[in-house]
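Single-structure report; data block below.
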There are 2 protein chains.
Amino acid sequence: MIHQDICSDCAVRDQALCGSLDDRELIALNRLGQRRRVVRGESIIWAGEESVICANLLSGVLKLVASTSDGREQIVGLLYPADFVGQPYEGEADFTITAVTDAELCVFPRAPFERVLEDHGRMEKLLLQRTLQALRDARAQMLTLARKSAPEKVAGFVRDMAARAGSNSCRATPGGPVTFDLPLTRGQIADVLGLTIETVSRQLTRLKTAGVIRLSGTRAVTILDAAALEGQAEPA
Amino acid sequence: MIHQDICSDCAVRDQALCGSLDDRELIALNRLGQRRRVVRGESIIWAGEESVICANLLSGVLKLVASTSDGREQIVGLLYPADFVGQPYEGEADFTITAVTDAELCVFPRAPFERVLEDHGRMEKLLLQRTLQALRDARAQMLTLARKSAPEKVAGFVRDMAARAGSNSCRATPGGPVTFDLPLTRGQIADVLGLTIETVSRQLTRLKTAGVIRLSGTRAVTILDAAALEGQAEPA
DNA sequence: CGTGGCTTTGAATTGACTCAATAGGGGTGG
DNA sequence: CCACCCCTATTGAGTCAATTCAAAGCCACG
């Protein structure tokens, strides 16, 4: 499906990079873009292949996966709605990008998209700022992967996911119990944190037993003691 | 010392971001820049402090260090001559930047530098491309930190340092013995790889005993068997 | 030629992994 | 509506890679 009139139905119209464009500019970009739905587990870019597209993520969650030749895997990034997807100015993709939930994208062919970038300094500047932020995030995660213990990793991950969920649907009582769904399986959490499934499971059970969180089903988490969680994530 | 005429004595004039500017543009930037020397161990930016400068690195090697509140440290990036230093568009620095060798910088106040960026699309595009590359590097390193064994980490590190040294002073016989100096101490290598000093030392000794490398003094390394080194760095 | 920092080597410990088996839970079809 | 099945998660026991703790050794430099 080609975009309706002028992205008026776009759920992330203002948060995505396109937010920097006025109506006239949007028309040009709009002509390039195509909606695409992907189902959970489907990949849109493969490491080592020519990366011919860029996109805005409209809904769902994607993972960036790095892997060794013998099959070990590491999730090196997660993408959420309004995030930019893909690598301009780079032919061969370094990481495989796969949907961890059903997702919807607004896809652009890479080369024309690069031309739009060059013609629109505001948009390029926004992309630079996002890229700088992604770089800071990746470097912060390097500290976690290399130097934090399994309890710290899991507590920090739960805290971060709660913060993200909380920023979407803000609660009246900050610090009070917050409930949300993890978008990832235990195995995917393990792939983010550089642990194994078993270790993630054990640490979550430990937090539950300690009364810090409640687990309902396999996805839902309730934060019972945010201060304790923070204390386990960042020991003094 | 203010720049002499027009950066004519700059060792990295063509490789650094400034390479994108013509002589007229360079005059404007030149007026902002100041040379600064730092000695080994000296920091130019501190995590948590306001980050008021950007710079080009002219000579020497810098490290970006992330640390936990209880003192664990991780080197999340190394900067070499012609690399860009600092975080435009971001007030508070996330990482401490420290010289690992004596170094020389061309320093710009951040705010005016940002204005130059906005006025010069070519330079902003170059910075975007460098930032995207740094992001790819950081993500690749996440795989190493989280999923590779100590032997793989150390072999890969030695290979990468050899490649960097080799790219500067190219040898006639590719694959033949290459000798170079590590710019880092064992402790700093450990901080890059997420290991301890002792483990790095043991792995280097193992590579020496296996006849893959020769160690002369504490800094010099000779690659005796590049194929074996590659094999240990990236097991099938 | 001494001194201090860096490096190497050894022994013991441990946190996370591996292997293995059980339990839960959501969806499908009878 | 219920039984079954598959996939995911939990729990346990034993192992091992890397760390921690400790002691020399080496080298560069004053």
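Okay, here's what the table says:
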{"read-out": "Cα gyration tensor, region B:99-154 - rounded (a/c under 1.5), prolate or oblate", "value": "oblate"}
{"read-out": "Principal semi-axes in Å for region A:1-139 [√(5λ), Cα gyration tensor, largest first]", "value": "25, 17, 14"}
{"read-out": "Candidate aspartates and glutamates - alpha carbon under 16 Å from residue B:153, same-chain residues fewer than 8 apart omitted", "value": "A:70, A:73, B:137, B:191, B:198, B:230, B:234"}
{"read-out": "Charge tally in the Cβ shell below 12 Å around residue A:116, where Lys, Arg are +1 and Asp, Glu are -1, residue A:116 excluded", "value": "-1"}
{"read-out": "Neighbour-limited loop hits for GluC sites (Glu not before Pro), region B:32-94 (at most 15 other Cβ within 10 Å; DSSP other than H, G, I, E, B)", "value": "B:42, B:49, B:90"}
{"read-out": "Cα-Cα P(r), the protein assembly as shown, percent of pairs per 10 Å interval", "value": "4, 17, 26, 27, 19, 6, 1"}
{"read-out": "Long-range HN-HN contacts of residue B:59 with modeled amide H, under 5 Å", "value": "B:104"}
{"read-out": "Other copies of residue B:149: label-to-label distances in nm, shortest first, labels 7 Å along the beta-carbon direction", "value": "2.6"}
{"read-out": "Partner lysines for residue A:125 [C-alpha distance under 17 Å; skip if fewer than 8 residues away on the same chain]", "value": "B:125"}
{"read-out": "Region A:46-78 versus region B:84-124: alpha-carbon centroid distance in Å", "value": "30 Å"}
{"read-out": "Label spacing, shortest first and in nm, from residue B:216 to its equivalents in the remaining copies (7 angstrom along Cα→Cβ)", "value": "6.9"}
{"read-out": "Long-range tail of P(r) for region B:148-233 (Cα pairs > 17 Å, %)", "value": "41 percent"}
{"read-out": "Most mobile listed residue (A:184, A:79, A:128) in chain A, GNM with C-alpha springs under 10 Å", "value": "A:128"}
{"read-out": "Förster-model FRET efficiency, 25 Å R0, residue B:27 and residue B:80, C-beta, rounded to 0.05", "value": "0.40"}
{"read-out": "Under-5 Å amide H pairs with residue A:54, H placed in peptide plane, nonlocal only", "value": "A:108, A:110"}
{"read-out": "Rh by Kirkwood over Cα pairs, then Stokes-Einstein D for region A:78-236 at 1.002 mPa s and 20 °C, µm²/s", "value": "120 µm²/s"}
{"read-out": "Pairwise FRET efficiency - residue B:37 versus residue A:89, Cβ, R0 = 41 Å, nearest 0.05", "value": "0.75"}
{"read-out": "Chain B - mean residue ellipticity at 222 nm from DSSP helices (-39,500 (n - 2.57) per run, n ≥ 4, rounded to 500)", "value": "-13000 deg cm²/dmol"}
{"read-out": "Residue A:214-residue B:129 FRET efficiency (beta carbon distance; Förster radius 45 Å; 0.05 resolution)", "value": "0.45"}
{"read-out": "Label 7 Å beyond Cα on the Cβ vector: residue A:101 copy-to-copy distances, nm", "value": "4.9"}
{"read-out": "Residue of A:24, A:13, A:110 that the Gaussian network model of chain A assigns the largest fluctuation, springs spanning Cα pairs under 10 Å", "value": "A:24"}
{"read-out": "Full-extension gain in nm, residue B:185 to residue B:47, via 0.36 nm per residue minus C-alpha separation", "value": "47.4 nm"}
{"read-out": "Formal net charge of residues neighbouring residue A:58 (Cβ-Cβ distance under 11 Å; K, R +1; D, E -1)", "value": "+1"}
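Read-outs throughout are calculated quantities, based only on the coordinates presented, and are distinct from any laboratory measurement. Just so we're clear, the structure is a prediction, and the values are computed from it rather than from any experiment. Reconstructed Cβ throughout: ideal geometry from the backbone, glycine too, with neighbour counts over all protein chains shown.
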